[in-house]
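The values are calculated or read from the model by the stated rules, or taken from the named source; none is laboratory data. Please read all numbers here as calculations on a predicted model, not as lab measurements. Cβ atoms come from the backbone with ideal geometry, glycine included; neighbour counts cover every protein chain shown.
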Amino acid sequence: MNVAAPLRSLKLDPATPLSIAVLAMGGQGGGVLVDWIVALAEAEGWAAQSTSVPGVAQRTGATIYVIEMLPLPPDAPERLRPVFSLMAVPGEVDIVLGAELMEAGRAILRGLVTPDRTTLIASAHRAYAVVEKQVPGDGIADAGKVYEAATAAAKRFVAFDMAALAEQSGSAISAVMFGALAGAGVLPFGREAYEAAIRASGVGVAGSLRAFALGYEQAAVGTPPIAPKSAQASKDVPTLAPQGHAELDALRARGSAMFPGAAHAMIAAGLDRVVDFQDVAYGAEYLDLLADVLAHDRAAGGEAQGFDLTVTGAKYLAVAMAYDDVYRVADLKTRGSRFARVRHEVAAAPDQLVYTTEFMHPRMDEVTGSLPAWLGRSIETRPRLFQALDRVVNRGRRVRTGTIGWFLMLYLMAGFRRFRRGTLRHAHEVAHRDAWLARIKAAAAKDYRVAVELAATRRLVKGYSDTHARGRSKFEQVMQAADRLEGRPDAADWVRRLREAALKDEEGAALAGALKTIDTFLEND
């Protein structure tokens with residue numbers, strides 16, 4: 001259904017160019033969108049100019065495009081052309097188009113959005129920045145703050161999920177944005193003129209017109225922008241109900257019978273994770289270990305606490321048991337579901353070939369960890385041999401998993417996971433896991449809340465290679481501080497604060513500061 005958009009055209013000054021800024025990331029078609037806008041203006045008898053300023057990889061090649069255009073007087077000489085600016089001037093931009101929500105936020109910070117002049121049109125979806133991804137904990141910026149800032153900073157704010165509409169139409173987000181620009185009615189051109197600009201390009205016309213129509217209709221409705229809710233709230237809650245796999249269903253039935261209902265959802269997720277990591281027998285081991293945690297939970301009066309220790313233990317025991325090793329990495333990178341996801345993300349057509357290049361940087365630690373325990377230990381305990389081999393192994397490699405050779409190599413490596421229990425890495429992980437479990441069970445008898453916080457501290461150990469080493473170091477620092485805090489009524493709060501500090505940055509600066517605070521606090525107490 002086409003919705004006629006009320007025309008909200010900007011007031012035009014014959015001597016002042018209309019200024020448009022487009023902020024987009026690589027692959028979103030920002031250049032195509034700009035070409036359409038320029039072609040549209042010129043087809044309507046306007047003079048127009050576009051420039052671009054490439055960004056940096058922090059935003060996946062974010063680029064700021066600037067368009068200035070001005071209607072030419074009917075009696076203007078044929079060769080008369082206005083002189084346009086090469087860059088957007090803060091406070092003098094009429095329309096800002098953001099291909100992603102934080103790009104809209106970036107435009108606000110740059111002063112390109114002003115309440116007396118600017119119409120801000122942005123996609124509500126998120127493409128996470130490097131600084132958000134590199135935080136060990138939850139580093140995702142709050143989208144709601146961008147909505148608040150946009151509502152205050154813009155004369156008019158139009159936002160909806162343009163990426164979802166692009167996927168629905170099988171086209172690029174640039175076509176949806178072009179439709180949103182038309183539907184918002186801020187330029188004095190009719191819908192037919194916009195569509196003519198798309199047709200004149202001659203590339204992907206049918207899909208672009210579908211996406212344009214969806215964007216037009218959504219913007220024309222004029223629904224007030226609403227900040228999206230957390231993605232966590234929409235996820236399905238796992239259950240221990242049978243799913244059609246006899247051996248795994250037997251484990252689910254056992255978990256349902258053995259454990260309190262408060263822990264069922266977390267146990268279901270944990271079981272799926274450890275069984276996917278290894279096998280059903282490994283899932284049975286998971287339930288055995290968790291049953292021991294439950295026994296200590298009950299003895300410590302955990303029922304009155306909602307069995308919080310068992311629930312937390314169920315989550316992080318699964319994390320500890322499903323660690324990242326070379327076999328796990330090889331398995332995940334050769335799964336059919338991953339290839340399908342990559343094809344979906346790049347919007348590949350059925351007849352298009354997609355090659356994925358992986359960057360891998362193994363160290364000798366990963367090599368020895370994947371060997372039988374006796375052999376890996378014999379190398380690990382010989383520093384000269386270890387260092388000599390590390391010089392050969394420790395270098396970056398770009399692996400094309402779409403080629404037969406590399407795919408088969410990784411696929412065969414993934415198959416070696418059946419021998420994982422006999423590897424040196426598994427021996428190390430089991431020793432670390434069991435020491436951690438012993439700590440939380442001992443703590444439960446003294447301070448229940450400390451035991452829960454120590455259980456959650458296992459979250460710090462994740463990933464592989466350098467990431468794993470840094471996480472392990474932070475874990476040990478928090479556990480050592482917990483020893484010093486033992487017996488204090490506020491020990492649980494301090495352990496939680498230390499864990500949260502450790503998750504704030506990769507280098508551990510926040511944790512170091514928190515540990516110094518504890519040192520000062522204990523010295524003065």
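Quick notes
- Filtered residue count, the range 5-41, keeping only those that are assigned to a loop (DSSP other than H, G, I, E, B), more than 37 Å from the chain's Cα centre (by Cα) and modelled with pLDDT under 70: 7
- Selection of the range 409-464 for residues being of a type in the set (D, E, K, R) and within 18 Å of TYR327 (Cβ to Cβ) yields ARG417, ARG418, ARG420, ARG421, ARG425, GLU429, ARG433, LYS462.
- Across the range 43-56, the number of residues qualifying as within 18 Å of LEU86 (Cα to Cα) and either within 34 Å of the chain's Cα centre (by Cα) or not polar (S, T, N, Q) (or both) comes to 9.
- Residue match in the range 362-371 (condition: assigned to a loop (DSSP other than H, G, I, E, B), in contact with a strand residue (DSSP E or B) (Cβ under 7 Å, 6 or more places away or on another chain) and surrounded by 13 or more Cβ atoms within 10 Å (Cβ to Cβ)): yes
- Single residue of the range 332-371 satisfying the filter (among the small types (Gly, Ala, Ser) and touching an Asp or Glu at 6+ places or on another chain (Cβ under 8 Å)) that is farthest from VAL393 (Cα to Cα): ALA347
- Qualifying residue in the range 317-325 (condition: more than 32 Å from the chain's Cα centre (by Cα), assigned by TED's automatic domain parsing to the domain that holds ARG472, under 13 Å from ILE440 (Cα atoms) and at pLDDT 95 or above): no
- Within the set VAL293, VAL311, the sole residue that is under 28 Å from the mean Cα position of the chain (by Cα), touching a residue at least 40 places away in the same chain (Cβ under 8 Å) and either in the same structural domain as LYS446 (by TED's automatic domain parsing) or over 27 Å from GLY471 (Cα atoms) (or both) turns out to be VAL311.
- Only one of ALA469, ALA431 that is within 23 Å of VAL275 (Cβ to Cβ) and surrounded by fewer than 20 Cβ atoms within 10 Å (Cβ to Cβ): ALA431
- Count of the range 166-183 residues which are buried (at least 24 other Cβ atoms within 10 Å of the Cβ) and either over 28 Å from the mean Cα position of the chain (by Cα) or of a type outside the set (Gly, Ala, Ser) (or both): 7
- The set of residues from the range 113-139 being of a type in the set (Phe, Trp, Tyr) and assigned to a helix (DSSP H, G or I) is empty.
- On inspection, ALA143 passes the criterion of being assigned by TED's automatic domain parsing to the domain that holds PRO225 and buried (at least 17 other Cβ atoms within 10 Å of the Cβ).
- Top-ranked residue of the range 415-441 - restricted to ones that are small (Gly, Ala, Ser) and in contact with a helix residue (DSSP H, G or I) (Cβ under 8 Å, 6 or more places away or on another chain), ranked as farthest from GLY301 (Cα to Cα): GLY422
- Check on LEU187, assigned to a loop (DSSP other than H, G, I, E, B) and under 15 Å from VAL96 (Cα atoms): yes
- In the range 372-407, residue surrounded by the most Cβ atoms within 10 Å (Cβ to Cβ) [restricted to those that are of a type in the set (D, E, K, R) and under 15 Å from ALA427 (Cβ atoms)]: GLU380
- Comparison of GLU303, GLU285 shows that the only residue that is acidic (Asp, Glu) and under 32 Å from the mean Cα position of the chain (by Cα) is GLU285.
- Answer residue from the range 210-227, given it is outside any loop (DSSP other than H, G, I, E, B) and touching a helix residue (DSSP H, G or I) at 6+ places or on another chain (Cβ under 6 Å) and is surrounded by the fewest Cβ atoms within 10 Å (Cβ to Cβ) among those: ARG210
- Of all residues in the range 472-525, exactly one satisfies the criterion of being among the β-branched types (Val, Ile, Thr) and in contact (Cβ under 8 Å) with a residue 40 or more places away in the chain, namely VAL495.
- Residue selected from the range 483-498 under the condition part of a loop (DSSP other than H, G, I, E, B) and touching a helix residue (DSSP H, G or I) at 6+ places or on another chain (Cβ under 8 Å), by the criterion surrounded by the fewest Cβ atoms within 10 Å (Cβ to Cβ): GLU486
- In the range 408-427, of all residues being surrounded by 18 or more Cβ atoms within 10 Å (Cβ to Cβ) and of a type outside the set (A, V, I, L, M), the one that is nearest to PHE307 (Cα to Cα) corresponds to HIS426.
- Residue count for the range 318-347, restricted to those that are in a loop (DSSP other than H, G, I, E, B), without any contact (Cβ under 8 Å) to a residue 60 or more places away in the chain and touching a helix residue (DSSP H, G or I) at 6+ places or on another chain (Cβ under 8 Å): 1
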